[in-house]
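Here's the structure we're looking at; comments come further down.
The values are calculated or read from the model by the stated rules, or taken from the named source; none is laboratory data. This one's a predicted model, so the numbers in the text were calculated from it and none came from an experiment. Here the Cβ is made from the backbone with ideal geometry for all residues, glycine too, and neighbour counts use every protein chain on show.
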């Protein structure tokens, strides 16, 4: 059994870099960013009659459970996910993971 969490964060296109920097400052070792296209009621109707772009960036990171809440909160703050239409985030327990230690510097 692993003591890690997978955090998946979906943000508006162009917002991932700042969100990842904040997550890494909070303890995330690394992140994977991929591009996606979303659809839903907000994209069809727009929030306050403003069209929302369907292009999204999906950020995934696996973090130790002890820093998961801090990383999650860093994503929310940096990507303004508490604002309607800005994105979505969720955390999933990881059943098993192998995260090799960082390589040591040699002289």
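General observations
- Given (1) at pLDDT below 95; (2) exposed (fewer than 13 other Cβ atoms within 10 Å of the Cβ), number of the condition residue 90 does not satisfy: (1)
Let's see how each residue does on (1) loosely packed, with under 14 Cβ neighbours inside 10 Å; (2) in contact with a strand residue (DSSP E or B) (Cβ under 7 Å, 6 or more places away or on another chain); (3) more than 11 Å from residue 7 (Cβ to Cβ); (4) modelled with pLDDT under 90:
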| residue | (1), (2), (3), (4) |
| --- | --- |
| 40 | yes, no, yes, yes |
| 48 | yes, no, yes, yes |
| 52 | no, no, yes, yes |
| 63 | no, yes, no, no |
| 68 | no, yes, no, no |
| 72 | no, yes, no, no |
| 101 | yes, no, yes, yes |
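- Any chance residue 91 is touching a residue at least 40 places away in the same chain (Cβ under 8 Å) and touching a helix residue (DSSP H, G or I) at 6+ places or on another chain (Cβ under 7 Å): yes
- Subset of the stretch 77-87 [in a helix (DSSP H, G or I) and surrounded by 17 or more Cβ atoms within 10 Å (Cβ to Cβ)]: 78, 79
- Against the criterion of being in contact with a strand residue (DSSP E or B) (Cβ under 8 Å, 6 or more places away or on another chain), surrounded by 13 or more Cβ atoms within 10 Å (Cβ to Cβ), modelled with pLDDT of 95 or more and outside any strand (DSSP E or B), residue 23 qualifies.
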